[in-house]
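Trainee: The structure is given below, and queries will be raised subsequently.
Taken together, the values in this text are just the output of simple stated rules run on the coordinates, not laboratory data. Keep in mind it's a predicted model, so treat the numbers as computed, not measured. Don't worry about glycine lacking a Cβ; one is built from the backbone with ideal geometry, like all the others, and counts go over all protein chains shown.
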Amino acid sequence: MEPIVGDEVKIRTSDAEAVVEEVLPRRSTLIRRQTMKPQVLCANLDLAVLVLSTEPNFSEGMVDRVLVSAHAQSLDVVLVLNKADLVPRGSEARHRVERRLFVYEKIGYKVLFVSALEGEGLEDLRSLLGGRTSILVGNSGVGKSCLLNKLGQGQIEVTVGDISEKLKLGRHITTTTTMHRLPGEGPPAFLIDSPGARRFSIWDVKPEELKEHFIEFIPFARHCKFSDCRHLQEPGCMVKQAVEEGDVPPERYMSYQRIYQVLLEGTEGSFRSALWTESEHAEKRKRASVREADIGAPLSAIEIAVLRSSLHHLHHAFKGFCCKDSLRSMELIMTDENKDTDGMGYAAAAGKPKSDGG
Ligand code: GDP
Ligand code: ZN
């Protein structure tokens, strides 16, 4: 194996040099999808530090996607609101951002308010990084470079300012993944700075796996009536009940529904589709449509429920790549062949799927 940033290696030393003899097995890797093949950015990561700010403002949609991606790669996450100096304690702006981030704190994520500029919260962040290998994630302009420099106490120097500004000024921009050892007492903290991973647009989650990465659903999902409940329209869903009873934040549940839909349609961000390979495109299309092989075979009650409830989304997903025969077969499945086979009255509620323009 070629060594990459974060690898642990066995070395043999002689008088003046050291030779890498072996790359030790990796606990984890962070992979970025590229046009041709996936690029392994770094190894043995423990923690993703998601840096947010109010200027530029963050969006919950982005936060939820990062949390899903990180969980799917077995990475811990800490949410860091940088530029806390812009929302002084006690101000209305501070309350507003506290309320937004409390949603994440409530479900078990650590949230820190820091200011790279004025120093607030930096020591808490530093102690959180001790003994671990972490990576900075977050949109451009939130202050990741500033934070890195501050934590480096003069020993780290990366260029601050937005990319276009940096380009205009002709300053050096790091394009490689670098591991920095933070100065300080106690267990060593390693911080990885990787321009390639900053946006974290890594997306390897299938729609049916998504629910496993909304960590607050898990204790309730165990008690859903169906073991493969997707927490959408299924009866006896304990996750939905938990939302109604205030045990799962409704914002997160809505976010789950939105991301699920997008994954099903295979249209997660247009910028992403450019990163997919042709076979990945084919796979997405396959998932978004009802597979040929499934047509004619009986569908489970849940599948029928999901299909019925999201007809207009299916219609959308089919656009451009579903043939007339498939639509016709679906109509049959949904209106005749499975009439009341599930015994839950789904067939009774069925309408004819619209096939206009599909
Ligand atoms: P990056 O793109 O995430 O690396 O962001 P930079 O570190 O380049 O910072 C972007 C801008 O935000 C710069 O103009 C910084 O001076 C500013 N900035 C960074 N941290 C803070 C902070 O804690 N408070 C304030 N007010 N501005 C900050
Ligand atoms: Zn459920």
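Trainee: I need the phi-derived Karplus couplings for the range 9-22: 6.51 cos²θ - 1.76 cosθ + 1.60, θ = phi - 60°, integer Hz, Gly and Pro marked x.
Mentor: Running phi through 6.51 cos²θ - 1.76 cosθ + 1.60 with θ = phi - 60° gives 10, 9, 10, 10, 10, 10, 3, 10, 9, 10, 10, 6, 9, 7 Hz.
Trainee: Counting only residues 5 or more places away or on other chains, whose amide H sits under 5 Å from the amide H of residue 189 once H atoms are built in the peptide plane?
Mentor: 131, 182
Trainee: Output the peptides 228-235, 11-18 sorted from most to least packed, where packing is the average of other Cβ atoms within 10 Å over each peptide's residues.
Mentor: So the order, starting with the most tightly packed, is 228-235, 11-18.
Trainee: Along the range 91-103, what does the Karplus equation 6.51 cos²θ - 1.76 cosθ + 1.60 (θ = phi - 60°) give for ³J(HN,Hα), rounded to whole Hz, x for Gly and Pro?
Mentor: Those phi angles translate into 7, 4, 4, 5, 4, 4, 6, 5, 4, 5, 7, 4, 3 Hz.
Trainee: Now for a separate question. Going down the table (83/206; 150/211; 110/206; 150/206), which pairs top 30 Å between alpha carbons?
Mentor: The answer is 83/206; 150/211; 150/206.
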